[in-house]
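Visitor: Here it is, the structure, as structure tokens.
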Amino acid sequence: MYNKEQGTVMPYRRLMFSLIICMVLSGMVSCAPTAYEKTPVDLVWPPPPDEPRVKFVDIIWNSASLGKKKGIADTLFGEERVETFIKPYGVAVDKEGKIYITDVGRVMVFDLKNKELSLIGDMPEKGQLRVPIGIAVSGDGRLFITDVGADVLYVYREGKYVITIGQAGEFDNPSGVAVDEQRRLLYVVNAKKHCVNVYSLDNYTFLKTIGARGTADGEFNFPTNIALDAEGNIYVVDTGNFRIEIFNPDGKFIRSIGKSGDTPGSFARPKGIAVDSEGHLYVVDTAFQNFQIFDKEGRILLYVGQAGMGPGRFQLPAGMTIDKEDRIYVVDQMPGSFQIFEYLGNRSKGRSAGAK
């Protein structure tokens, strides 16, 4: 017979707790997984028997998708907090392969190699982000982030605020942003002013605007996103006019691609845009819930994706980018994720040949 009031049960409980801790600590090395494994998904476009041109690589839903191994603290005291997206939009990738995703009140930085996640701009200090949308990264590591909540462009470096670009009234809903390293130019889509602002990449001096409101060649109606090709040509998503407008590096109109419609090669709600190493143009369409691929002349080659959740499926796709290895990154705003694909072109074939 034991007496609860006198605490005769407590030594036994302490002993059992100590034994459990010892068992956990001694078993962690042998029981903890050595690597995070995902179920392989063999998904390509077009499907067999045609030669595949694009393949699915991965989908990231949150910080848990990184597959970081649990530490001692997680095992003893519960799971580490999982960071999830609120409503992501833009994406950029630096030369080290880190992926930057704009989300409400912050930029989420995914380091897939080291399985780490960090945040930028979420602290209550100068440069705090409100509603970041567009994002681009320069070769020297500067981040350029448009914020429609503040109507400015922020510059960050190594996760720290550097400077704000944009006086009162200079921007109205700044969205897409792109960097031309060779010509030392910075492009910012000024959506509600229906133009693209051009700045010096070195000292951020305003240089000129491209476009004005309208439907004629070289004019815009609520443009959203922007991309550059290897020659410095400028591709602007003219969302309200359901087309892509192309300009040379001097800002002179070249041609437009697309029209309003619901057939391949046309657009309903074009958003994200990118160009691969071979000059193919990729355009996300939120309404179609996919992205379309065009050749240099604007002819439709392929579309990737369909409605739904999971690999190769989208609900509200938005921003996109393509890295130096022709990996394609597409952000899905709802429920919040980004997917990685790969263009199976010359660079991919070269990597495969080198691996043999």
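The values are calculated or read from the model by the stated rules, or taken from the named source; none is laboratory data. As the structure is a computational prediction, the values presented were derived from the model and not from experiment. When we count neighbours, we look across all protein chains shown, and the Cβ atoms used for this are built from the backbone with ideal geometry, even at glycine. These accessible areas exclude ligands, DNA and RNA; they are computed on the full protein's heavy atoms, side chains included. Shrake-Rupley method; radii C 1.70, N 1.55, O 1.52, S 1.80 Å.
Visitor: So, in region 266-278, how many residues would count as being outside any strand (DSSP E or B), open to solvent by less than 20 Å² (accessible area, probe 1.4 Å) and either closer than 22 Å to Phe222 by Cα or without any contact (Cβ under 8 Å) to a residue 60 or more places away in the chain (or both)?
Guide: Final tally of qualifying residues: 1.
Visitor: Right, next: Tell me which residues, restricted to region 145-161, are more than 18 Å from the chain's Cα centre (by Cα) and under 14 Å from Gln128 (Cβ atoms).
Guide: Once the filter is applied, which keeps residues that are more than 18 Å from the chain's Cα centre (by Cα) and under 14 Å from Gln128 (Cβ atoms), region 145-161 yields Gly149, Ala150, Val152, Lys160, Tyr161.
Visitor: From Val107, Val82, Val57, Val41, grab the single residue that is part of a loop (DSSP other than H, G, I, E, B), at pLDDT 55 or above, under 27 Å from Tyr343 (Cβ atoms) and of a type outside the set (S, T, N, Q).
Guide: Val41
Visitor: Moving on. Which condition number does Val189 fail, the rest of (1) farther than 25 Å from Ala318 by Cα; (2) part of a strand (DSSP E or B); (3) among the aliphatic types (A, V, I, L, M) being met?
Guide: (1)
Visitor: Considering only residues that are touching a strand residue (DSSP E or B) at 6+ places or on another chain (Cβ under 6 Å), outside any loop (DSSP other than H, G, I, E, B) and either within 11 Å of His194 (Cβ to Cβ) or among the hydrophobic types (A, V, I, L, M, F, W, C) (or both), which ones fall in region 222-242?
Guide: Ile226, Ala227, Leu228, Ile234, Val236, Val237, Asp238, Thr239
Visitor: Next up: Can you go through Gly279, Gly251 and tell me which one is more than 24 Å from Ala307 (Cα to Cα), within 24 Å of the chain's Cα centre (by Cα) and of a type outside the set (Asp, Glu)? Before the answer, list the steps.
Guide: Values: Gly251 fails: within 24 Å of the chain's Cα centre (by Cα).
Checking each option against the conditions leaves just Gly279.
Visitor: State the number of residues belonging to region 208-236 that are of a type in the set (Val, Ile, Thr) and farther than 25 Å from Glu181 by Cα.
Guide: Total meeting the criteria: 1.
Visitor: Could you say which residue among Gly97, Gly169, Gly176, Gly139 is at pLDDT 95 or above, part of a loop (DSSP other than H, G, I, E, B), within 19 Å of the chain's Cα centre (by Cα) and farther than 27 Å from Ala64 by Cβ?
Guide: Gly139
Visitor: Where residues in region 279-338 are small (Gly, Ala, Ser) and assigned to a strand (DSSP E or B), which of them is most open to solvent (accessible area, probe 1.4 Å)?
Guide: Only one residue tops the list, namely Ala307.
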